[in-house]
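Data block below; observations after.
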Amino acid sequence: MKTIASRFFATGAIFALCGMAWGIVMSATQDHTLSPAHGHLNLIGFVIMSVSGTFYALSPGAAASKLAGVHYWLSLAAVLAIVPGIVMAISGSGEALAKIGSVLTLSAMALFAFQVMRHGIGGGPLRETA
């Protein structure tokens, strides 16, 4: 994948597929205990990653910044921490990972907000280094 937007979109699509498969399993087993984790996978893993990909596709100046790559890896870490963290919290295995995932998720969104405010939508150079 050559662009940061492509990374966000591809990762979001993979998370969407995982979330859909998980939803089918929950439906088939009639066990919806983990639906909060499933919902976070779909919302943070698919929706937020896709919105971020859209922003970077429309804003080459932001996409070219070093912070775009940081934003991607922080967002990925957030999903990979918060979803199993919620599973662990629901199953009574502790809440530490969910708390870490929450802080990572908040940090990723704060970085996204910074990027939007710093670069705006559109404009900027047509090259990308992230």
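Within the shell defined by Cβ-Cβ distances under 12 Å, the residues around residue 88 carry a net charge of 0, with Lys and Arg each +1 and Asp and Glu each -1.
Given axes a ≥ b ≥ c from the Cα gyration tensor, I'd like to know whether segment 4-119 is rounded (a/c under 1.5), prolate (a/b larger than b/c) or oblate.
Details: a/c = 3.30, a/b = 1.72, b/c = 1.91.
Oblate shape, in that a/c is at least 1.5 and b/c is the bigger or equal ratio.
Cut-off is 10 Å between beta-carbons; in what order do 111, 41, 80 appear when sorted fewest neighbours first? Please list the in-between numbers first.
Working: 111 18, 41 24, 80 15.
Lowest count first: 80, 111, 41.
In the chain, excluding the sites themselves, the longest stretch lacking any of the trypsin sites (Lys or Arg not before Pro) that are in a DSSP loop with at most 14 other Cβ atoms within 10 Å is 3-126. For the peptides 84-94, 43-53, the ranking by mean Cβ contacts within 10 Å, running from highest to lowest, is 43-53, 84-94.
Throughout, read-outs are computed from the coordinates displayed, never taken from laboratory work. Since we're looking at a predicted model, the values are computed, not measured. Note: ideal-geometry Cβ built from the backbone for every residue, glycine included; neighbour counts use all protein chains shown.
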